[in-house]
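The values are calculated or read from the model by the stated rules, or taken from the named source; none is laboratory data. In this text the structure is predicted, and so the values were computed from the model without any measurement. Counting neighbours? That spans all protein chains shown, and the Cβs are built from the backbone with ideal geometry, glycine included.
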Amino acid sequence: MEAIQSGTHVATSLLGQEEKLGSIRPGMLADIVAIKGDPLQDIGALTNFDFVMKNGVEISLH
């Protein structure tokens with residue numbers, strides 16, 4: 001979990017962007033990667049994308 005947080009919330013803290021980035025909630029800027037599986041049980045699950053959303057638009061993976 002700490003590795004995943006380092007790439008999201010912790011990174012925004014280091015950049016001083018906590019008010020804009022690092023979590024999914026109204027008013028935040030967010031790109032979202034949805035994965036199949038549980039990365040806490042298998043870190044390899046992070047390579048199995050279900051969908052990617054950038055700037056509120058789903059990106060085709062095919």
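Which of the residues belonging to region 10-46 are free of Cβ contacts under 8 Å to residues at least 40 places away in the same chain, among the β-branched types (Val, Ile, Thr) and surrounded by 10 or more Cβ atoms within 10 Å (Cβ to Cβ)?
Matches in region 10-46: Val10, Thr12, Ile32, Val33, Ile35.
When you look at Ala34, is it modelled with pLDDT of 80 or more and either basic (Lys, Arg) or over 10 Å from the mean Cα position of the chain (by Cα) (or both), yes or no?
Here the answer is no, as Ala34 does not meet what is asked.
Keeping to region 1-20, report how many residues are of a type in the set (S, T, N, Q), modelled with pLDDT of 80 or more and assigned to a loop (DSSP other than H, G, I, E, B).
Looking only at that region, the number is 1.
Residues in region 21-59 that are closer than 16 Å to Gly7 by Cβ, in a loop (DSSP other than H, G, I, E, B) and touching a helix residue (DSSP H, G or I) at 6+ places or on another chain (Cβ under 7 Å): how many?
4
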